[in-house]
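Engineer: Just passing along the structure, written as structure tokens.
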Amino acid sequence: MIRPNDRCWCGSGLKYKRCHLNADEEPRAATIQPARETRLVTPQGRPCVAPGIVAPAGAVPPEIPRPDYALTGRPKRRFGRGESVPMTPEQLARMRRACKAAAEVLAITGSAVKPGVTTEALDAIAHRETIARGAYPSPLNYNGFPKSICTSVNEVVCHGIPDSRPLEEGDIINVDVTVFLDGMHGDCSATFPVGAISEAAQKLIDVTRDCLDVGIAAVRPGQPVSDIGRAIEDLATRQGYGVVRAYCGHGIGEAFHTGVYVPHFFDRSAKAIMRPGMTFTIEPMITIGKFECDQWPDGWTEVTRDRDLTAQFEHTLVVTETGAEILTLP
Ligand code: MF3
Ligand code: CO
Ligand code: CO
């Protein structure tokens, strides 16, 4: 079981007792609160993303092995304590298969992004491709999440729920795919343009991809995890962008989120030392405007407080003797 002083399951980097502990102890509502967006237009004059209707999730064939939370919604496995145990070669072999499958599902789903396609149609593609690989879509019922992937459009920072909203020309969308295969989770995401997009949106996407790249380049055994955020924050702020602090990279493996906390900004408290065989994600969320976030009443969808655009890229990687190896490649 997760303990009060462990890092929260949500990836915030906060202690569980300072984050979701109270909310988790509330009796679970039968359905999530409908999403509402109180703002109609952004300060930039662009319409805000309007919540659509969330359809029931697809079925997962009974022969597909499920993570421990699939039925209850609550991950059982106790989190690590900030330090991750390096994987054995046998575990790493399983991790490679899960991560490769996640990367394939992301590539296929991303190639379906175009104007008029709804985010629930993307979810259906990802769900189908995940189960076709004998894998379980990790987000499904993870702490009650209702769908198989996260789709985060425009000002949505992360954890957007696929719904009936059709993508519009000029939107940008992050598709975040995690699959559970061979007892391991593999987690990756990318931001895609919807048709022709503004120069500002394209620049944001390019800088965000660069931020992931410099974060990965900062991975070195014997060094603290805080080196990663230092490199990312340096690059982002030099180019005038913001780095979201509310969500971080995380240890990953037999659990979706372990106690390893990987901030994308410089945080001296991220003292865990990188060791060969450790697996974690790097997943910077970069903003054009301010980095502060608000949450829709659905309890999931995070948006920038100023409703300006944000992008994200994510890989799962393993620390090697000399640096990092990206695992989420097709
Ligand atoms: N894939 C997300 C991450 O990068 C987590 C999604 S949790 C969910 O950590 F419940 F929203 F699916
Ligand atoms: Co992740
Ligand atoms: Co992810």
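The values are calculated or read from the model by the stated rules, or taken from the named source; none is laboratory data. A quick note: this is a predicted structure, and the numbers were derived from the prediction, not measured. Neighbour counts are summed over all protein chains in view; Cβ atoms, including those assigned to glycine, are modelled from backbone coordinates with ideal geometry.
Yes/no matrix, rows are residues, columns are (1) under 22 Å from Tyr69 (Cβ atoms); (2) hydrophobic (A, V, I, L, M, F, W, C); (3) near ligand 1 (Cβ under 10 Å from one of its atoms):
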position	(1), (2), (3)
Glu129	yes, no, no
Gly134	yes, no, no
His159	yes, no, yes
Ile172	no, yes, no
Thr178	yes, no, yes
Cys188	yes, yes, yes
Gln202	no, no, no
Val207	no, yes, no
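Engineer: Filter region 217-244 for residues that are part of a helix (DSSP H, G or I), touching a helix residue (DSSP H, G or I) at 6+ places or on another chain (Cβ under 8 Å) and of a type in the set (Gly, Ala, Ser); which is nearest to Leu204 (Cα to Cα)?
Structural biologist: Result: Ala236.
Engineer: While we're on this one: I'd like the residue in region 274-318 that is hydrophobic (A, V, I, L, M, F, W, C) and in contact with a Pro (Cβ under 6 Å, 6 or more places away or on another chain) and, out of all such residues, is surrounded by the most Cβ atoms within 10 Å (Cβ to Cβ).
Structural biologist: Start the filter on region 274-318 by keeping residues that are hydrophobic (A, V, I, L, M, F, W, C), which leaves 274, 278, 280, 282, 285-286, 288, 291, 293, 296, 300, 303, 309, 311, 313, 317-318.
Still in the list and also in contact with a Pro (Cβ under 6 Å, 6 or more places away or on another chain): 274, 278.
Numbers: Met274: 23, Met278: 25.
Once the filter is applied, the top-ranked residue is Met278.
Engineer: Counting only residues that are more than 20 Å from Ser164 (Cβ to Cβ) and surrounded by 16 or more Cβ atoms within 10 Å (Cβ to Cβ), how many does region 33-45 have?
Structural biologist: Residues meeting the conditions: 1.
Engineer: Continuing with this model, one more query. Does region 305-318 hold any residues that are farther than 30 Å from Pro221 by Cβ and among the β-branched types (Val, Ile, Thr), and which are they?
Structural biologist: The answer is Thr310, and nothing else.
Engineer: Please specify each residue of region 235-253 satisfying the condition of being in contact (Cβ under 8 Å) with a residue 12 or more places away in the chain, more than 15 Å from ligand 2 (Cβ to nearest atom) and within 24 Å of Leu14 (Cβ to Cβ).
Structural biologist: Ala236, Tyr241, Gly242, Val243, Arg245
Engineer: Output the number of residues of region 257-268 satisfying the condition of being in a loop (DSSP other than H, G, I, E, B), within 17 Å of Leu14 (Cβ to Cβ) and at pLDDT 95 or above.
Structural biologist: Going residue by residue through region 257-268, those that are in a loop (DSSP other than H, G, I, E, B) are 257-260, 263-268.
Narrowing further to those that are within 17 Å of Leu14 (Cβ to Cβ): 257-260, 263-265, 267-268.
When the remaining residues are screened for being at pLDDT 95 or above, the result is 263-265, 267-268.
So the answer is 5.
Engineer: Now a separate question. Within region 197-215, is there a residue that is over 14 Å from the mean Cα position of the chain (by Cα) and either at pLDDT below 95 or on the phi > 0 side of the Ramachandran plot (or both)?
Structural biologist: Scanning region 197-215 turns up no residue that is over 14 Å from the mean Cα position of the chain (by Cα) and either at pLDDT below 95 or on the phi > 0 side of the Ramachandran plot (or both).
Engineer: Only one of Ala50, Ala55 is more than 25 Å from His250 (Cβ to Cβ) and exposed (fewer than 13 other Cβ atoms within 10 Å of the Cβ); which?
Structural biologist: Just a single option satisfies the conditions, and that option is Ala50.
Engineer: Looking at Met87, Met95, which one is in a loop (DSSP other than H, G, I, E, B), surrounded by 17 or more Cβ atoms within 10 Å (Cβ to Cβ) and hydrophobic (A, V, I, L, M, F, W, C)? Lay out the reasoning, then the answer.
Structural biologist: On the way: Met95 fails: in a loop (DSSP other than H, G, I, E, B).
Unique residue meeting the criteria: Met87.
Engineer: If you don't mind, there's one more thing I want to ask. Checking the conditions here, which among Glu321, Glu292, Glu302, Glu325 is more than 18 Å from Val219 (Cα to Cα), charged (D, E, K, R) and more than 16 Å from ligand 3 (Cβ to nearest atom)? Spell out how you get there, then give the answer.
Structural biologist: Details: Glu321 fails: more than 18 Å from Val219 (Cα to Cα); Glu302 fails: more than 16 Å from ligand 3 (Cβ to nearest atom); Glu325 fails: more than 18 Å from Val219 (Cα to Cα).
Result of the check over Glu321, Glu292, Glu302, Glu325: Glu292.
Engineer: Residues Cys188, Cys211, Cys158: which one is within 16 Å of ligand 3 (Cβ to nearest atom), within 21 Å of Asp306 (Cα to Cα) and crowded, with 17+ Cβ neighbours inside 10 Å?
Structural biologist: The conditions single out Cys158.
Engineer: Determine if region 135-144 includes at least one residue that is aliphatic (A, V, I, L, M) and part of a loop (DSSP other than H, G, I, E, B).
Structural biologist: yes
Engineer: Residue check, Gly289 against (1) part of a loop (DSSP other than H, G, I, E, B); (2) closer than 27 Å to Tyr136 by Cα, all met but one. Which one?
Structural biologist: It fails just one condition, (2).
Engineer: Condition first: surrounded by fewer than 24 Cβ atoms within 10 Å (Cβ to Cβ), within 16 Å of ligand 1 (Cβ to nearest atom) and either within 19 Å of Thr328 (Cα to Cα) or of a type in the set (S, T, N, Q) (or both). Can you find one or more residues in region 108-121 that meet it?
Structural biologist: Yes, region 108-121 contains a residue that is surrounded by fewer than 24 Cβ atoms within 10 Å (Cβ to Cβ), within 16 Å of ligand 1 (Cβ to nearest atom) and either within 19 Å of Thr328 (Cα to Cα) or of a type in the set (S, T, N, Q) (or both).
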